[in-house]
1. For residues in region 174-205 being in a loop (DSSP other than H, G, I, E, B), open to solvent by 60 Å² or more (accessible area, probe 1.4 Å) and not polar (S, T, N, Q), which is farthest from the ligand (Cβ to nearest atom)?
2. Being open to solvent by 80 Å² or more (accessible area, probe 1.4 Å) and of a type outside the set (A, V, I, L, M, F, W, C) is the filter; apply it to region 59-79 and report the residue that is farthest from Ser257 (Cα to Cα).
3. So is Val90 at pLDDT 95 or above, in contact with a strand residue (DSSP E or B) (Cβ under 6 Å, 6 or more places away or on another chain) and crowded, with 24+ Cβ neighbours inside 10 Å or not?
4. When region 306-322 is examined, which residues are found to be surrounded by 20 or more Cβ atoms within 10 Å (Cβ to Cβ) and under 20 Å from Ala217 (Cβ atoms)?
5. Filter region 328-339 down to the residues that are open to solvent by 20 Å² or more (accessible area, probe 1.4 Å) and in contact (Cβ under 8 Å) with a residue 24 or more places away in the chain and list them by number.
6. Looking for something away from the ligand (no atom under 14 Å from the Cβ), basic (Lys, Arg) and at pLDDT 95 or above - is there at least one such residue anywhere in region 105-114?
7. Of all residues in region 174-204, which are under 17 Å from the mean Cα position of the chain (by Cα), of a type outside the set (A, V, I, L, M, F, W, C) and modelled with pLDDT of 95 or more?
8. Go through Gly20, Gly46, Gly14 for me and flag whichever is near the ligand (Cβ under 10 Å from one of its atoms), more than 23 Å from the chain's Cα centre (by Cα) and at pLDDT 95 or above.
Amino acid sequence: MSGSGAQRGIAILGSTGSIGRSTLDVLRRQQDHFRLIALAAGCNRGELASQVAEWRPSYAGLAGVSNDVRWPSGPEVLVEAATHPDVDIVVNAVVGAAGLDATLAALHAGKRVALANKETLVMAGDLVAQAACAGGGEIVPIDSEHSAVLQCVTGRDDGLARLILTASGGPFREWPADRVRSATIEEALQHPTWRMGSKITVDCATLANKALELIEAHHLFGLPYDSLEVVVHPQSIVHAFVEFHDGSVLAQLGFPSMELPILYALTHPQRLPDTGVRRFDPVAAGPLTFEPVRADVFPALVSGIAAGRAGGTAPAVFNAANEVAVAAFLQGAIPFGRISETIDRALDSHAPAPASSVEAVRAADRWAREEARQSVRQ
Ligand SMILES: NC(=O)c1ccc[n+]([C@@H]2O[C@H](COP(=O)([O-])OP(=O)(O)OC[C@H]3O[C@@H](n4cnc5c(N)ncnc54)[C@H](OP(=O)(O)O)[C@@H]3O)[C@@H](O)[C@H]2O)c1
């Protein structure tokens, strides 16, 4: 990218969140290469106002319902920001199923989608691939594990045999199963290595996040589930291992920070120098350890992988039931152990159908949310 001259236009969806704010930190250091065109947030008017004051984008809006006349509001704001004619790259950092339409619209409009919103690929991976094909857009992952895989395979895409995604193990890695089931909100929000929004932090505590990431990896890299694995790596220094057919294994390493994967998603397959990223030091990184996942203690991981294998609308049901259950847990309505039970009840009563249209995916998503809401009320 260096020396290419033209600045690329950026839209950030979910600009007020953890990934959204990290993206702005990256852009502050890379203003010769990128121009911020559009900002879209959920409900946080105060944060959006200060971002608009600093960046003066051509477009800003709130996807939540708002009577604030300074900006357009409503769910269509995400699609408007994502398809703005001056935007080349859409950073989708919205949390949850709300990000789907904007991803599809951006791909149909031929944009690059730098995707943090993993729920999009989980719900509708095949439809996302079709949208990219039809519109000429492309997905580049922001998730650190998928960015690691992409960085390892770029330029050597042949012979990919197996991916091993790392998981920190979350705050309950060493807890006995009984204690995990009654963990409090404060305990679930204490992630040992990453600072993130509350939904993904709880997903890391249940390990549902790793199931979402395996489904995401299946769609991004085209490997069957038998070739996708998870290993617990408490230091979060190695982000993924990539094994090739001849048995050779590559890994990508770095101190935990989302700024490097965000910048790489903007520049792939090239790289830009970035003085803001903490340089790697193998001694400071300390001993790197790996251990198996305790699947019996983290049933949401097992259910999510089963949903991925079942395919069709099952991953959308897994995702929607998880979103409802995590929100209920964060409101204090259900204990931690009920998150996985809520997911399982929805999956057990669901007959997967082909995820052949956005309508089919949306219908499964609505059905699963209602099922999960009833479950959490009981
Ligand atoms: N944080 C990380 O390190 C990390 C790493 C890998 C992947 N991810 C993924 O990136 C996504 C964002 O994570 P995060 O940690 O940045 O979450 P977060 O801090 O909770 O931020 C979520 C963003 O989405 C917006 N939002 C929420 N509901 C919305 C809706 N219905 N419509 C439109 N916008 C809405 C929020 O807006 P308001 O705050 O204005 O309401 C906020 O800007 C998730 O899919 C997560 O799994 C995150």
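The values are calculated or read from the model by the stated rules, or taken from the named source; none is laboratory data. Every value quoted in this text rests on a predicted model; they were computed, and no experiment measured them. Don't worry about glycine lacking a Cβ; one is built from the backbone with ideal geometry, like all the others, and counts go over all protein chains shown. Protein only, heavy atoms only, side chains kept; ligands, DNA and RNA dropped before computing areas. Shrake-Rupley method; radii C 1.70, N 1.55, O 1.52, S 1.80 Å.
1. That would be Pro176.
2. Filtering region 59-79 down to residues open to solvent by 80 Å² or more (accessible area, probe 1.4 Å) leaves 65, 67, 69-70, 75-76.
Within this subset, residues satisfying the condition of being of a type outside the set (A, V, I, L, M, F, W, C) are 67, 70, 75-76.
On the way: Asn67: 36, Arg70: 33, Pro75: 30, Glu76: 31 Å.
By that ranking, first place goes to Asn67.
3. Numbers: at pLDDT 95 or above: yes; in contact with a strand residue (DSSP E or B) (Cβ under 6 Å, 6 or more places away or on another chain): yes; crowded, with 24+ Cβ neighbours inside 10 Å: yes.
Taking the combined requirement at face value, the residue satisfies it.
4. Taking region 306-322 and keeping what is surrounded by 20 or more Cβ atoms within 10 Å (Cβ to Cβ), we get 307-308, 313-322.
Ala307, Gly308, Thr313, Ala314, Pro315, Ala316, Val317, Phe318, Asn319, Asn322 - these are the residues of region 306-322 that are surrounded by 20 or more Cβ atoms within 10 Å (Cβ to Cβ) and under 20 Å from Ala217 (Cβ atoms).
5. Of all residues in region 328-339, those open to solvent by 20 Å² or more (accessible area, probe 1.4 Å) come to 330-333, 335, 338.
Selection gives Leu330, Gly332, Ala333, Pro335, Arg338.
6. Within region 105-114, one or more residues are away from the ligand (no atom under 14 Å from the Cβ), basic (Lys, Arg) and at pLDDT 95 or above.
7. Gly197, Ser198, Lys199, Thr201, Asp203
8. Working: Gly20 fails: more than 23 Å from the chain's Cα centre (by Cα); Gly14 fails: more than 23 Å from the chain's Cα centre (by Cα).
Just a single option satisfies the conditions, and that option is Gly46.
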